[in-house]
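**Student:** Following this message is one structure expressed as structure tokens.
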Amino acid sequence: MSDLRELYQEVILDHAKRPRNFRIMPDADHQADGHNRLCGDKLRVFLKVRDGKVDAVSFHGEGCAISKASASLMTETLAGKTVAEAQDIFERFHALLTSPVEDDGAAESLGKLAVFAGVREFPVRVKCATLAWHTLQAAMAQRPDAPAAAVSTE
Amino acid sequence: MSMATAKPPAVAGTRPDGARPVFNGEKIRADFPILTTLCHGKRLAYLDNAATSQKPRCVIDAVTRYYQSQNANIHRGVYSLSEEATGAYEAGREAARRFLHARDAREIIFVRGTTEAINLVASAYGQRNIAAGDDIILSAMEHHSNIVPWQLLCERTGAHLRVIPMNDRGELCMDAYEKLFGPRTRFVSVVHVSNSLGTVNPVKEIVRIAHSHGVPVMLDGAQAAWHLPINVQELDCDFYAFSGHKTCGPTGIGVLYGKLNFLEKMPPYQGGGDMIASVTFEKTTYADVPHRFEAGTPNIAGVIGLHAALDYLAAVEGPEMLAHERDLLAYAQQRMAEAPGLRIVGTAADKISVISFVLEHVHPHDIGTILDGEGVAVRTGHHCCQPVMDRLAIPATARASLAFYNNQADVDQLVAGLRRVLEVFA
Ligand SMILES: Cc1ncc(COP(=O)(O)O)c(C=O)c1O
């Protein structure tokens, strides 16, 4: 299939093999579990927010190449962003994966995250690419010190 | 690989001595229109037969013919079209009786599939016979559809589930099974052939042991029914279930077999038309078995399609077909072992052609996407058997499941696809 390389870009394979910020954060003040029931992906996102900004973010768990790479690149992208900025990036990222037409401008504005544009051709994999982001949202919505929230992409 | 089946691969369709073809695979393939479909421009290698089987032309034609020239409701009209439909529906019951080698056609109940059959038994049998503190025995390799209905029953009644453990090869521990029986054991429900591991369970022995404790047994035959000859009288099981769509038939139709003496004592499962003898607002008397369990207008087209499917299977089934499946399984397992880092999950001594596998460093979901691009359809995930995955400490597997209409070219395409997976993830 010609677009297989579009899906499994070098950057994605690299982050899947060597995920960044892949660790449990014992002193996180927000965390949530994400579960993709279809394929068994399970990950937990950890977050520290200071003055409305992402101070530290990490993740841990099991997943396919797409969900792991997406989580890894998400953590790189979010460092230092405000909660509102994070939400905005997610919305544009989601549109990139699901919009029926290619939008080069949108892809450019997403920087490194644009490598996921190829996922659009594989609708069943959109859930893999967005699992970490849905989990992040649940973590942000969670009150500090409450037990981990849980989301599922089913 | 320590597979009992890994003898030198015979070429499928020929005798071990290579002499003359005994199973005409190409003729069989021509019966299945979908097998000529292209997938991403490539030849389709359909290896997800454990999820659902493909349909031969005769089944598709039977369903079409019914809607074109026989369609009427059953058991109600006096006009000839309705009588004809009723006759075709009841002939389907007789075909299912023959297929399972049941004694009496009244022991055949039409349901939506295996799932509904199990729910029916858990609900109608469970309601009268299972109470707080009772035990129900299941196995560690059950499909969710043979777990959740019993859990619901436990929630309603206060009964408990006991689980027969399995070893790392995916075989049930029969010693442990025997020890699970106690004075409060009321029911055993076990899968005949596992959909995630391919294990063929020693169900005759499972039934014998349960009966020695006076406990009835239900067998989930969803995977077994089109791979093995089924004789419910010989197995002596009290209930048996299978799905039409996994036996070359349509979706939405399945069969529950139950021994007459059990069915006759069971209350209805659902209420409605067709399951009654007489209705007043004060009291309703129920129809006799099997109609008592078939409320409402049934899946008439489904039964007619299933009838065609069971006739078709009866014509192709036999020692040659079984040998073809066995040879193809051996060939597939041997070829797959060529892929570095590939591990087959489920290596029971007695197994049919379900091959679950994991690849080191590659998640099953990524395997599935890349194989799809190569025209190879496999299932990835937990296969509705999360407890099996937990037991084996893996999140998911990829699964290639073979049918009698598969051939070596399908397996070769799978192996080539696996090579592509390894290239991408090199
Ligand atoms: C072993 C087993 N039991 C039960 C079922 C449920 O069958 P159905 O979905 O047709 O009701 C399946 C199907 O996946 C199965 O493989």
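The values are calculated or read from the model by the stated rules, or taken from the named source; none is laboratory data. Only a predicted model underlies this, so the values are computations on that prediction, with no experimental measurement involved. A quick note on method: Cβ atoms are made from the backbone with ideal geometry, for glycine too, and the neighbour counts reach across all protein chains shown. In case anyone asks, the SASA skips ligands and DNA or RNA and just uses the protein heavy atoms, side chains included. Shrake-Rupley method; radii C 1.70, N 1.55, O 1.52, S 1.80 Å.
**Student:** Once both labels are modelled 7 Å past Cα along the beta-carbon direction, what's the A:S152-B:I60 spacing in nm?
**Tutor:** Calculated label separation equals 3.6 nm.
**Student:** Multiply the residue separation of B:T52 and B:A277 by 0.36 nm, subtract the distance between their alpha-carbon atoms, and state the gained length in nm to one decimal. Working shown, then result.
**Tutor:** Details: separation 225, 0.36 × 225 = 81.00 nm, distance 3.68 nm.
That works out to 77.3 nm of additional length.
**Student:** Right, next: Take B:I147, B:I109 and sort them by solvent-accessible surface of the protein heavy atoms, 1.4 Å probe, largest at the top. Let's see the in-between values first.
**Tutor:** Values: B:I147 25, B:I109 0 Å².
Putting B:I147, B:I109 in descending order of accessible area: B:I147, B:I109.
**Student:** Have a look at the DSSP beta bridges in chain B and tell me what percent are antiparallel, nearest 5.
**Tutor:** Counting DSSP beta bridges with both partners in chain B, the antiparallel share is about 60 percent.
**Student:** To check you understand DSSP bridge types, tell me what percent of the beta bridges within the protein assembly as shown (both residues inside) are antiparallel, rounded to 5.
**Tutor:** Around 65 percent of the beta bridges assigned by DSSP in the protein assembly as shown are antiparallel ones.
**Student:** Another one. Taking beta carbons within 10 Å but only from partner chains, what does the mean come to for residues A:38-48?
**Tutor:** Taking all residues of A:38-48 together, the mean is 3.
**Student:** Still on this structure, I have one more. Where the eigenvalues come from the Cα gyration tensor of the protein assembly as shown, what are the semi-axes √(5λ) of the equivalent ellipsoid, largest first, in whole Å?
**Tutor:** For the protein assembly as shown, the semi-axes come out at 44, 30, 25 Å.
**Student:** Let me ask something else. Report the one residue of A:V101, A:Q9, A:A117 whose Cα lies farthest in the direction of the positive end of the charge dipole of region A:2-153 (charges on C-beta: Lys and Arg +1, Asp and Glu -1; origin at the Cα centre).
**Tutor:** Checking the options against the dipole of region A:2-153, the answer is A:Q9.
**Student:** Once you average over the residues of B:370-383, how many Cβ atoms of partner chains fall within 10 Å of each Cβ?
**Tutor:** 2
**Student:** Still on this structure, please answer the following. What whole number of Å gives the distance from the Cα centroid of region A:46-83 to the Cα centroid of region B:388-426?
**Tutor:** Result: 33 Å between the Cα centres.
**Student:** Would you pull out the residues with amide H under 5 Å of B:A45's amide H, same chain only if 5 or more places away, H placed 1.01 Å from N?
**Tutor:** The answer is B:V376, B:A377.
**Student:** Could you pull the accessible area for B:S356 with a 1.4 Å probe, rounded to 10 Å²?
**Tutor:** The value for B:S356 is about 0 Å².
**Student:** Go ahead and estimate [θ] at 222 nm for chain A from helices alone: -39,500 (n - 2.57) per DSSP H run with n ≥ 4, summed, over the residue count, rounded to 500.
**Tutor:** Helix contribution divided over all residues of chain A: -12500 deg cm²/dmol.
**Student:** Within region A:1-27, list the residues whose amide N lies under 17 Å from a label point set 7 Å along Cα→Cβ of B:E423.
**Tutor:** A:1-10
**Student:** Identify the residues of region A:33-61 with backbone N under 20 Å of a label point that sits 7 angstrom from the Cα of A:A79 along the Cα-to-Cβ direction, or state none.
**Tutor:** Only A:44-61 fall inside the zone, counting backbone N under 20 Å.
**Student:** Positive end of the dipole of region B:137-265, charges at C-beta (+1 Lys, Arg; -1 Asp, Glu), about the Cα centre: which of B:P250, B:C173, B:V188 has its Cα farthest in that direction?
**Tutor:** It is B:V188.
**Student:** A:Q31's amide H: which non-local residues (gap 5+, or another chain) put their own amide H closer than 5 Å, with H modeled 1.01 Å from N in plane and none for Pro or chain starts?
**Tutor:** Counting only residues 5 or more places away or on other chains, the set is A:A149.
**Student:** What's the whole-number percent of alpha carbon pairs in region B:65-314 lying beyond 23 angstrom?
**Tutor:** Here the tail beyond 23 Å accounts for 50 percent of pairs.
**Student:** In addition: Ordering B:R98, B:R399 from largest to smallest accessible area (1.4 angstrom probe), what's the sequence?
**Tutor:** B:R98, B:R399
**Student:** At a Förster distance of 51 Å, what's the computed FRET efficiency of B:R184 paired with B:E83, Cβ-Cβ distance as r, to 0.05?
**Tutor:** According to the calculation, E is roughly 0.55.
**Student:** Taking the DSSP beta bridges in chain A as the whole, what percent of them are antiparallel, to the nearest 5?
**Tutor:** Around 75 percent of the beta bridges assigned by DSSP in chain A are antiparallel ones.
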